[in-house]
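Worksheet: the structure to be examined is printed underneath.
The values are calculated or read from the model by the stated rules, or taken from the named source; none is laboratory data. From a predicted model like this one, the values you see are computed outputs, not experimental measurements. Cβ sites come from the backbone with ideal geometry, for glycine too, and all protein chains shown count toward neighbours. These accessible areas exclude ligands, DNA and RNA; they are computed on the full protein's heavy atoms, side chains included. Shrake-Rupley method; radii C 1.70, N 1.55, O 1.52, S 1.80 Å.
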Amino acid sequence: SIGNELSRILTTYKRNAQGYTPYIDQHAVAEILEDICLKHRLTEKAYGVSLSYHCDEDLAAFFDVQLITNVIDTSIYNAVKAGVKNIMLSASELQDYIVIRIEDDGEGFPDYVLQNQGQNSVLNLEEGNTGLGLYFAKQICEMHAVDDKQGYMELQNKHSMRGACISLFIPN
């Protein structure tokens with residue numbers, strides 16, 4: 001619900017503003033993605049959305065599971081709100097990063113969102129978009145750091161599906 005989403009965003013803001021240190025622990029990524037898919041089964045049935053995941057069963061990563069799950073959940077809610085019919089979660093290793101992707105078959109991100117890349121909150125009243133979700137997702141990725149590597153987020157359209165793709169790069 002919108003109330004839950006707002007609560008998550010405000011909690012993230014509060015944590016970031018107070019110098020919150022993420023709780024980094026090792027997680028089996030496939031299990032996390034499977035749990036997220038199971039949690040959203042009612043959303044799938046209610047909105048006619050297909051949610052799937054693809055991930056090597058042996059892939060493990062170090063991250064704050066609550067923060068990353070919040071980013072993925074919010075991305076799913078926003079995709080459903082935008083009317084997509086298929087959402088795919090995936091994770092893989094790329095150099096020294098674990099890349100978690102949330103992709104859909106919708107219209108994709110508008111140009112102004114792609115240009116901004118979550119740098120700032122961008123208010124678009126016509127679309128009912130504050131940009132806060134992407135802004136906080138970027139902040140959450142950046143909270144994850146290992147040695148000289150910092151997490152980051154990339155937004156694009158048409159990665160492996162025809163719609164939006166959010167890629168979370170978490171150093172490993």
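Selection of the stretch 5-19 for residues being over 15 Å from the mean Cα position of the chain (by Cα) and either surrounded by 17 or more Cβ atoms within 10 Å (Cβ to Cβ) or modelled with pLDDT of 85 or more (or both) yields only ARG15. Taken together, the residues in the stretch 53-95 that are among the aromatic types (Phe, Trp, Tyr) and in contact with a Ser or Thr (Cβ under 7 Å, 6 or more places away or on another chain) amount to 1. LEU89 fulfils the conditions (1) open to solvent by 10 Å² or more (accessible area, probe 1.4 Å); (2) of a type outside the set (Val, Ile, Thr); (3) closer than 20 Å to ALA28 by Cβ except for a single criterion, (1).
Identification of strands (runs of 3 or more DSSP E) wholly contained in the stretch 51-137 with 2 or more residues that are farther than 12 Å from LEU168 by Cα and modelled with pLDDT of 90 or more yields 60-63, 86-94.
Remark: pairs (first residue in the stretch 26-55, under 20 Å from ALA91 (Cβ atoms) and open to solvent by less than 70 Å² (accessible area, probe 1.4 Å); second residue basic (Lys, Arg) and part of a helix (DSSP H, G or I); Cβ separation under 9 Å; 6+ apart in sequence or on different chains) = LEU51/ARG41. Could you tell me how many of the residues in the stretch 41-50 are among the β-branched types (Val, Ile, Thr) and not in a loop (DSSP other than H, G, I, E, B)? Total meeting the criteria: 1. Among the residues that make up the stretch 27-40, is at least one of them modelled with pLDDT under 95, within 24 Å of GLY163 (Cβ to Cβ) and assigned to a loop (DSSP other than H, G, I, E, B)? Yes; the residues of the stretch 27-40 include at least one that is modelled with pLDDT under 95, within 24 Å of GLY163 (Cβ to Cβ) and assigned to a loop (DSSP other than H, G, I, E, B).
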